[in-house]
1. Residue by residue through region 147-173, note down the ones that are open to solvent by less than 30 Å² (accessible area, probe 1.4 Å) and under 15 Å from GLU72 (Cα atoms).
2. For region 174-191, enumerate the residues that are out of contact with any helix residue (DSSP H, G or I) (no Cβ under 8 Å at 6 or more places or on another chain) and either part of a loop (DSSP other than H, G, I, E, B) or open to solvent by 60 Å² or more (accessible area, probe 1.4 Å) (or both).
3. Looking for whichever is in contact with a Pro (Cβ under 8 Å, 6 or more places away or on another chain) and of a type in the set (Lys, Arg) here; the options are LYS171, LYS202, LYS188. Which one fits?
4. Only one residue in MET129, MET137, MET173 is under 19 Å from the mean Cα position of the chain (by Cα) and within 28 Å of LYS10 (Cβ to Cβ), so which one is that?
5. Tell me the residue from GLU106, GLU127 that is under 26 Å from GLY43 (Cα atoms) and open to solvent by less than 80 Å² (accessible area, probe 1.4 Å), please.
6. List the helices (runs of 4 or more DSSP H) that sit entirely inside region 1-109 and contain at least 1 residues that are at pLDDT below 95, touching a helix residue (DSSP H, G or I) at 6+ places or on another chain (Cβ under 7 Å) and not polar (S, T, N, Q).
7. Residue pairs, Cβ under 6 Å, 6 or more apart or interchain, first in region 194-211 and closer than 15 Å to GLU22 by Cα, second at pLDDT 95 or above and of a type in the set (Gly, Ala, Ser). List them.
8. Taking the condition crowded, with 20+ Cβ neighbours inside 10 Å, under 17 Å from the mean Cα position of the chain (by Cα), touching a residue at least 24 places away in the same chain (Cβ under 8 Å) and within 27 Å of LEU9 (Cβ to Cβ), does LYS62 pass?
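The values are calculated or read from the model by the stated rules, or taken from the named source; none is laboratory data. These numbers come from a predicted model, not from an experiment. Note that we place each Cβ from the backbone using ideal geometry, even for glycine, and neighbour counts take in every protein chain shown. Protein only, heavy atoms only, side chains kept; ligands, DNA and RNA dropped before computing areas. Shrake-Rupley method; radii C 1.70, N 1.55, O 1.52, S 1.80 Å.
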Amino acid sequence: MRTNFRNDLKEAELVEQLLDKEIYPQLFSYCERKTDRTSQFAGVDIICDGAKVDEKAQIAYKNTPLPTQVLEISFLSKSGNNARKRGWFLDNKLETQMYAFVFFPEVSGVEKRWDKLTDINQVEKLELMLVDKYELMDTVESMCPIANIARIADKMRKEELSKVQHVNGLKLMLSDRLAEKPVNVVFKKKDFPLTVHAFWDKENGLTIVEDNRVDS
């Protein structure tokens, strides 16, 4: 268990409150947050208009959002056997249909990006990218076959390749400083096949800059 687990959980709850209050009601006619253990293990944080959504909030980079998002390929189990597991991006057992990637370009009361949120009102601005899981997989596949990415990730973990690999415009990275030692694809946000792209701020509320839903 991480030593800051409770603080991380509090931050997650604050982000959920903001999304549920200010963002989702403007984008969907119906949303239901799922907090039960079964849904969480199935990669479902919220169901919006029937779509099962996994939220990926880049809360560790307050005021300095990255131009990239990591897509988890594999990680090591925390159990005694330290077994390799499929990451959320490749795990076909998950029920996720859509990702909600959330970024925090302006947060008040934060001197260092890793300082914790303590109040929902600290968030001044927020960026949301809704991305269809299968469209994203197709986009990655078009750049490099996912089977090849998985093989390269295995070789990185076996130390047959270095911790950073560049393959057909994609960057793969093994983060061995983390307990689970994930191998991720570091994916450029500008290359997301966007379903919805929106910005929110306290003064103007939600502004949708791109909406590719059929019925939008």
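1. The first filter runs over region 147-173 and keeps only residues open to solvent by less than 30 Å² (accessible area, probe 1.4 Å), leaving 149, 153, 156, 167, 170, 172.
Once the filter is applied, which keeps residues that are open to solvent by less than 30 Å² (accessible area, probe 1.4 Å) and under 15 Å from GLU72 (Cα atoms), region 147-173 yields ILE149, ALA153, MET156, LEU170, LEU172.
2. Residues satisfying the conditions are SER175, ASP176, ARG177, LEU178, ALA179, GLU180, PRO182, LYS188, LYS190.
3. LYS188 is the lone residue from the list that is in contact with a Pro (Cβ under 8 Å, 6 or more places away or on another chain) and of a type in the set (Lys, Arg).
4. Numbers: MET137 fails: within 28 Å of LYS10 (Cβ to Cβ); MET173 fails: within 28 Å of LYS10 (Cβ to Cβ).
Within the list MET129, MET137, MET173, the selection yields MET129.
5. GLU127
6. Numbers: elements: 5-18, 24-27, 37-41.
The helices (runs of 4 or more DSSP H) meeting that bar are 5-18.
7. Between residues of region 194-211 that are closer than 15 Å to GLU22 by Cα and residues that are at pLDDT 95 or above and of a type in the set (Gly, Ala, Ser), the close pairs are LEU206/ALA198; ILE208/ALA198.
8. Yes.
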